[in-house]
1. What are the residues in segment 185-200 that are closer than 15 Å to Trp139 by Cβ and part of a helix (DSSP H, G or I), if any?
2. Looking at Ala120, is it free of Cβ contacts under 8 Å to residues at least 40 places away in the same chain, farther than 21 Å from Gly190 by Cβ, out of contact with any Leu (no Cβ under 7 Å at 6 or more places or on another chain) and crowded, with 20+ Cβ neighbours inside 10 Å?
3. Touching a residue at least 12 places away in the same chain (Cβ under 8 Å), in a helix (DSSP H, G or I) and loosely packed, with under 10 Cβ neighbours inside 10 Å, is that true of Leu203?
4. Out of everything in segment 142-151 that is assigned to a helix (DSSP H, G or I) and in contact (Cβ under 8 Å) with a residue 40 or more places away in the chain, what residue ends up being surrounded by the fewest Cβ atoms within 10 Å (Cβ to Cβ)?
5. Being over 12 Å from Tyr129 (Cα atoms) and touching a residue at least 40 places away in the same chain (Cβ under 8 Å) is the filter here, so list the residues in segment 160-173 that pass it.
Amino acid sequence: MSAEPRIPVPSPESRVTSPESRVESPESRVASPESRVLRSRPLREQIIRASGLVIALVYASVIVWAYARQPRTVSQMTGGLSATIGAYHVDPQSYNDGLQFFRRDQFIEARAAFARADPAERDAQTQFYIAYSYYREGWGRLYSSEALFAKGLESVNKAIALAPGGRLVVSDPNLQMHSADELKAELQRGLERDLSDLNPMRLFRTRK
């Protein structure tokens, strides 16, 4: 009988993996600079796209605001943007100066001080006083100045547009008209021309 072929059996030493073969080299665990650049590139692209979108939205908002408000000066533009984010404030010293001039019937000086206080024309109460100064300066016992009353009407309309809900009431004991609605109605009546202008009783009316 022929002997069966013997199958070689691996020795225990050959079945045990050496520690050196199981330990990864530091070079294999450290990513190459090229691979890190490839992984970080999509993140950078997302950040750039998001930043571009934000800038485009801000720019579009500014264009829409400027078209709606139509500011005439740089002060109105910057002040309007500041008011949009709640950072706009009236200069208190110039505002108080305007009040003092107004109460002494120095209306041109008063409007100059109010303009310094509210250069962007974004404060309702300041615009109210400017309108009132046009009314008092333009008022006449027989007739009123159409030019001054027209400017006053423009200013009081600004005040109404800026006031919350379009309602503005000023608590000033030196005034006879405390609401923007009263002032607007008085200015509008002064711009009207009808037969009542010939009424001799107009001589006894008083300025408000």
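1. Ala185, Glu186, Leu187, Gln188, Arg189, Gly190, Leu191, Asp197
2. Against the criterion (free of Cβ contacts under 8 Å to residues at least 40 places away in the same chain, farther than 21 Å from Gly190 by Cβ, out of contact with any Leu (no Cβ under 7 Å at 6 or more places or on another chain) and crowded, with 20+ Cβ neighbours inside 10 Å), Ala120 does not qualify.
3. So Leu203 fits the description; yes.
4. Glu146
5. Of everything in segment 160-173, just one residue is over 12 Å from Tyr129 (Cα atoms) and touching a residue at least 40 places away in the same chain (Cβ under 8 Å), namely Leu162.
Here is a yes/no grid of residues against (1) touching a Ser or Thr at 6+ places or on another chain (Cβ under 6 Å); (2) surrounded by 13 or more Cβ atoms within 10 Å (Cβ to Cβ); (3) part of a helix (DSSP H, G or I):
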residue	(1), (2), (3)
Phe114	yes, yes, yes
Leu153	no, yes, yes
Lys158	no, yes, yes
Asp172	no, yes, no
Leu183	no, yes, yes
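Readers should treat all values here as calculations from the given coordinates under stated rules, not as data from a laboratory. If you're wondering where the values come from, they're calculated on a predicted model, not measured in any experiment. Please note: Cβ atoms are built from the backbone with ideal geometry, for glycine as well, and neighbour counts cover all protein chains shown.
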